[in-house]
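Following: one structure in structure tokens, then a few remarks.
The values are calculated or read from the model by the stated rules, or taken from the named source; none is laboratory data. As the structure is a computational prediction, the values presented were derived from the model and not from experiment. Cβ: placed from backbone, ideal geometry, glycine included. Neighbour counts: every protein chain shown. Accessible surface areas use protein heavy atoms only, side chains included; no ligands, DNA or RNA. Shrake-Rupley method; radii C 1.70, N 1.55, O 1.52, S 1.80 Å.
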Amino acid sequence: MSAMKGEHTLDSLNGFVVFVQVAETRSFVAAGRLLGVSASAVGKSVARLEEKLGVRLFHRSTRSVTLTAEGTLFLERSRRILAEIEAAEQELSQASAAPRGRLRVSLPLVSSLVLPVLGDFMQAYPEIELDLDFTDRMVDVIEEGFDAVVRTGEPADSRLSARRLGRFQMHLVASPDYLARRGWPRTPADLLQHSCLHYRFPTSGKLESWALRQTPGEPELQLPTSMICNNIETRVCFALRGLGIAYLPDFAIREPLSDGRVLPVLADHVEGTGVFHLLWPASKHPSPKVRALVDFLCARVFPTTKGNTAISGSRQ
């Protein structure tokens, strides 16, 4: 009984394939040629399908084959069914394939955050060739051919799938030597008397604003610009050398903060936070190399972040 049912289901599936070919070629002969069977076999398959459904799918004449209204409706459903089967086959074949090939990734200029993890990734997946592009420029993932990008902020491109890597907190920090020489700021307004180390966004040319809690109605502080640069490492280095106060993400200063080489300044007034996302071209079935990168980075870049489950292809 079950064997007969299986044969019946297989015959139905073949009927879908034959029907779609006839609908697209408008010819039993052309459909038969593409499928490697005779026009007579194609005609019999369509007739069996029509008999089973109880409707005519095609208007036949000596010169042409055209879809009926029912045939047009059935074509849309048939294409969807066959596409799902093809996608399932692709997913299974990819699942069994080892991640390999060139992987082009765009990353922000925060090498201290990702470089150790990417080194571990190279060791874990020796058949993947990493092509890394470090820039804070907003790249077009699709147009520029990137497999994945790491960026701050909330995803806004509907063509991309996204996973949150983790959140970070901003801090104002300075070295003990600097604070001993220049004094501790007690309010945000005190920063006007200090050396401030700034970041300039490469795309806009604007300085990064320091998110400071102030009294409502107070004008935004016009902070001194003792130094301006477009990366994190310079500000960390200069803060460590006692050259000023810097506004930096926690992941860039964990060690200096923990061992006292820099100290938090105005901690009760700093409000800045951010989030990193990993983005890649949207697809129901990402390639093994992209799946490997997404799962690896999400598990290790911010290992204490909750909610980073394995890749599913869904957008968050």
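Computed on the range 17-90, the Cα convex hull volume stands at 90 Å³ per residue.
Just check the range 114-219 against the gyration tensor rule for me: Cα atoms, a ≥ b ≥ c as the square roots of the eigenvalues, rounded for a/c under 1.5, and otherwise prolate or oblate depending on whether a/b exceeds b/c. Note, shape of the range 114-219 comes out prolate. In order along the range 122-133, the Karplus-derived 3J(HN,Hα) couplings, from 6.51 cos²θ - 1.76 cosθ + 1.60 at θ = phi - 60°, round to 4, 5, 6, 10, x, 8, 9, 9, 7, 10, 9, 10 Hz, and Gly and Pro are given as x.
Listed by chain and number, the aspartates and glutamates placed with their C-alpha closer than 12 angstrom to that of Lys289 are Glu127, Glu129, Asp147; residues fewer than eight positions away on the same chain are left out.
Using a probe radius of 1.4 angstrom, the carbon and sulfur fraction of the accessible surface of the range 48-195 is 52%.
Three principal axis extents of the chain based on alpha-carbon atoms, in descending order, are 97, 46, 35 Å. The dipole here belongs to the chain: it is taken about the Cα centre, uses +1 on the Cβ of Lys and Arg and -1 on the Cβ of Asp and Glu, and is about 680 debye. For the range 41-150, pairs of C-alpha atoms spaced more than 23 angstrom apart make up 59 percent of the total.
Here the spin labels are modelled as points 7 Å beyond Cα on the Cα-Cβ line, and at Leu34 and Arg241 they lie 6.8 nm apart.
Shown in residue order for the range 67-73 are the 3J(HN,Hα) couplings computed by the Karplus curve 6.51 cos²θ - 1.76 cosθ + 1.60 at θ = phi - 60°: 6, 7, 4, 5, x, 4, 5 Hz (x for Gly and Pro). The distance between label points at Val117 and Val139 comes to 1.7 nm (points 7 Å beyond Cα on the Cα→Cβ vector). Each pair of Cα atoms in the range 201-266 enters the Kirkwood radius, and Stokes-Einstein at 4 °C and 1.567 mPa s then converts it into a translational diffusion coefficient of 96 µm²/s. Between Ala180 and Cys229, the distance separating the two model label sites (each 7 Å from Cα on the Cα→Cβ line) works out to 2.3 nm.
Sort the following peptides by mean Cβ neighbour count (other Cβ atoms within 10 Å, averaged over residues), highest first: 271-281, 111-121, 74-84. Before the final figure, lay out the partial values.
Working: 271-281: 18.2, 111-121: 16.0, 74-84: 13.6.
The packing order, highest mean first, is 271-281, 111-121, 74-84.
Amide hydrogen proximity for Asn230: with H placed 1.01 Å from N in the peptide plane, the residues at 5 or more positions away or on another chain lying under 5 Å are Arg200. For the range 140-186, rounded, prolate or oblate, judged on the Cα gyration tensor with a ≥ b ≥ c (square roots of eigenvalues), a/c < 1.5 rounded, else prolate if a/b > b/c? Note, shape of the range 140-186 comes out prolate. Does the range 110-159 classify as rounded, prolate or oblate by the C-alpha gyration tensor (a ≥ b ≥ c root eigenvalues; a/c under 1.5 gives rounded; else a/b over b/c gives prolate, otherwise oblate)? Prolate is the answer for the range 110-159, as a/c is 1.5 or above and a/b outweighs b/c.
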